[in-house]
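The values are calculated or read from the model by the stated rules, or taken from the named source; none is laboratory data. Computed from a predicted structure; not experimentally measured. Here the Cβ positions follow ideal geometry from the backbone for every residue, glycine too, while neighbour counts run over all protein chains shown. Accessible surface areas use protein heavy atoms only, side chains included; no ligands, DNA or RNA. Shrake-Rupley method; radii C 1.70, N 1.55, O 1.52, S 1.80 Å.
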Amino acid sequence: MSDFPTLTTPPFGRFDSASPALDRPDLTPPAVTEALRGWEHRTAAESVLYVDTDPEKADTAVFSEVYDVPLEVGANCVVVAAKRGQEQILVGCVVLATTRLDVNRTVRKRLGARKASFASMDTAVAETGMEYGGITPIGLPAAWPLLIDEAVAATPYVLIGSGRRRGKLILPGAALAQLPSAEVVSGLAVPVASEPSAESPPVR
């Protein structure tokens, strides 16, 4: 396991304020706060920076323009519902904003499921305890698989949701691969045009 540097200033973008996420438990949902505090890989937790942002500007394209954040460093956390026999399982998938999650092939086959699709907004919110439009891989239910596209893990720093529509988290892409139950997957996402795809929504 690699150690990660502690971030004190954002490596990209223009934000009014930034602070180590561990220092601001008041700004993230309980599940996110608990996951950060309990993260076994301590330097990974310490590398997470919280940046304050306007919840009305949380959607990918608008956010990128307002805060001067390149689309290629944005990472979306998408909740997928998969059916395996009579069982339905939920899984978190993390892909770059410039790509589209390959639900019907890569995700379905990886889980050995007969069917996979994006989870409904109500299901995603109820099961994660997070706000839709801000769902983050940090703090997802422990029993869920967490699939991370290899391009995310290879990105020096990525911007993800904070668990709320207000605020974002910035951390090394490789740190996400150190989350409990995380698995880096090749081909989890496929490239799309420069405009964000409707199939890969903003940091769900």
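Taking a point 7 Å from the Cα of residue 143 along the Cα-to-Cβ direction, none of the residues of the stretch 174-190 has its backbone N closer than 13 Å to it. Within the chain, the longest run free of exposed loop sites, counting GluC sites (Glu not before Pro) that sit outside DSSP helix and strand states (H, G, I, E, B) and have at most 14 other Cβ atoms within 10 Å, spans 41-198. Look at [x] 11.5; [y] 10.9; [z] 10.1: the one that is mean projected area of the Cα convex hull in nm² derived from this structure is [z].
Leaving out ligands and nucleic acids, and using a 1.4 Å probe, what accessible area per residue does the stretch 25-174 come to in Å²?
Details: 6150 Å² over 150 residues.
Using a 1.4 Å probe on heavy atoms only, each residue of the stretch 25-174 averages 41 Å².
For residue 16 and residue 43, a Förster radius of 30 Å and the Cβ-Cβ distance give a FRET efficiency of 0.65, rounded to the nearest 0.05.
Within the accessible area of the chain, the carbon and sulfur atoms contribute 48%, probe 1.4 Å, all protein chains present. Computed extension length for residue 86-residue 54: 7.4 nm, one decimal, from 0.36 nm per residue of separation with the Cα-Cα distance subtracted.
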